[in-house]
Each structure stands twice: as structure tokens, then as C-alpha cells.
Amino acid sequence: MRDDKNRLVDGHSLAGASDKGLAALRHLALAAQGMTGADIQRLIREARQKARRGRHRLRYVDILDILERDAGSLPPEVRWRISVHEAGHALLFIQTGTAEILSITTGRGNGGNTQVRWPTTSPQTETGIMNVMACYLAGRAAELTIFGEALIGNGGGEGSDLAIVTASALQLETILGCSRDTPLLYMPSERPAHDLRFDPGLAGRVNKRLEVALAAATDVVSQHREPLLKLARELDGKSYLEGEEVHRLLGPVLPLSRPAK
């Protein structure tokens, strides 16, 4: 983050920043994972107000204090559920090898966030796409396994877990040649949601894929329940973890007992 003079908030230029300064910036970046642009603007505005009241320049600690305050605004039981949810995502991404974990956060912005680095080439097979879907549904699988029900935050928007996996399942059934009944039929649509609302047969096939992906994620979560809870507890306490620490906490994991397809 930079101030109006294009300098780091601790008063040093990026080119001359020490390892400690760069580590502090990375700390802030990880802590802000999952926040929207509006969230960041509000955060900086409040941190600047805090600095003015203290009669000093904007400092690292001013921003971190606001972040920590926001993290504490969630009820502890909701924060814990979000920690379990994000731990589920991390477990499946690592276990399937679908993407590299960069960081996971909880209690920030709209809840939690799992940041990954996707491979250069996207999955080119039905099994690969189903594994990606399992990764997105793993948060829900973790909540259902640990708590018996899931928070409504799994859905609700175009970028939600449920929206992403539904779009992927729909593509498998309509344009990617993976339909069990009509694999050669190409059915493009500019408004896929309408296909599901007005085509019960297609909606049923899409939902079946979602159920299969969720079942695959649930199998992995059940097999690695204790490592998942260990990761969730650490995340809940610290609010953000880097990828290396996530790997260390999960330890070695076994391949899928069965492919998600």
C-alpha cells in the first residue's frame, strides 16, 4: 500500500525497502485478502483518520489496527465456521493438486478467502473440471461434516462457490461434450441460468454433477478430518496463513480414494 506521495506507509520507498518492510507489506496484503475495493477504501480512510488524531503519518500499525478490529466484528462461532470452510478449500486444492495455495484468511471482508495460483493450462478433461468443482464445494463439505449444516454464504452472488460450480457443471452438460445422454450436442446459451429454470431435465443433470463433486469433497474431508481441524484452529487464531504454513499444518495427504467424475 502507498500514500499520496507514492511512498510506502512506513515512510520508505519500495526500492529501498528492507526485508522487514516488505514482510510487513505482505502481512497487510494477506490480512486484507477477501476485502472488496470499497472495503479497502474504507479501511484506508479510517486509518488516515486514526493517524490524524494521533498527529503522525499513516503507519503500518494504523492499518493493522483497523483490520484487527474488523476481524473481531464477527461472532466467534461464525468466524470459526468460516475458518473450517476455508480449511476445507485448502485441503482439497492441496490434495487434488488442482492449484497452489498462496494464502487463506478468515473474518475479513465478506468472510474468508482462499487465494490460489492456478496452473498455466486449465483442466482439459472432465475429471479435471470435476476436481475443480470439488475444491470449490470443499468449504461446504467441511461445514456439513463438522457442523451438520452450512452457512448461507456458500451462495448469494455470481462469484459465490455455488454459482461457480453450477456454471462449470452446466458447461460440461451443454458445450464441452461431456453429457452422458447427448455428448455431441452443442447447446450454447447467453443466459445459462434460464436453461436451468426452464429445462428441468438439464437442471437435474447439472445438480447430479454438483452432488457427485460434493460427495468427492466430503470423502476427502472425512479422511483428513483431524488435519483439517488443526488447520482451521490455527487459521481461526491468526486470521491469515501463508501457503507454506498451510502445507506444513496439513502435512502429507493421500490421493483421492476415487476420482470426482
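Some points to look at:
- Charge context of Ala232, other residues only, Cβ under 12 angstrom, K/R +1, D/E -1: +1
- A simple rule links phi to the HN-Hα coupling: the Karplus curve 6.51 cos²θ - 1.76 cosθ + 1.60 with θ = phi - 60°, which for region 199-205 gives 10, x, x, 5, 4, x, 5 Hz, with x for Gly and Pro.
- Å² per residue, accessible surface of region 201-254 at 1.4 Å: 47 Å²
- Accessible surface, region 105-198, averaged per residue in Å² (probe 1.4 Å): 55 Å²
- Label zone of Asp195 (point 7 Å out along Cα→Cβ, amide N under 11 Å): in region 158-185 this covers 167-179, 185.
- A full extension of the chain between His56 and Phe147 corresponds to an added length of 28.1 nm, given 0.36 nm per residue minus the alpha carbon distance.
- Within-12-Å neighbourhood charge of Leu241 [Cβ basis; K, R +1; D, E -1]: -2
- Taken along the Cα-to-beta-carbon direction at a fixed 7 Å, the label points for Leu176 and Ala38 span 3.2 nm.
- Taking label positions 7 Å along the Cα-Cβ direction at both Arg117 and Arg48, the computed distance is 3.3 nm, reported to one decimal.
The values are calculated or read from the model by the stated rules, or taken from the named source; none is laboratory data. As the structure is a prediction and not an experimental result, all values here were calculated from the model. Glycine gets a Cβ as well: all are built from the backbone with ideal geometry, and neighbour counts include every protein chain shown. Ligands, DNA and RNA are excluded from the accessible area calculation, which covers all protein heavy atoms including side chains. Shrake-Rupley method; radii C 1.70, N 1.55, O 1.52, S 1.80 Å.
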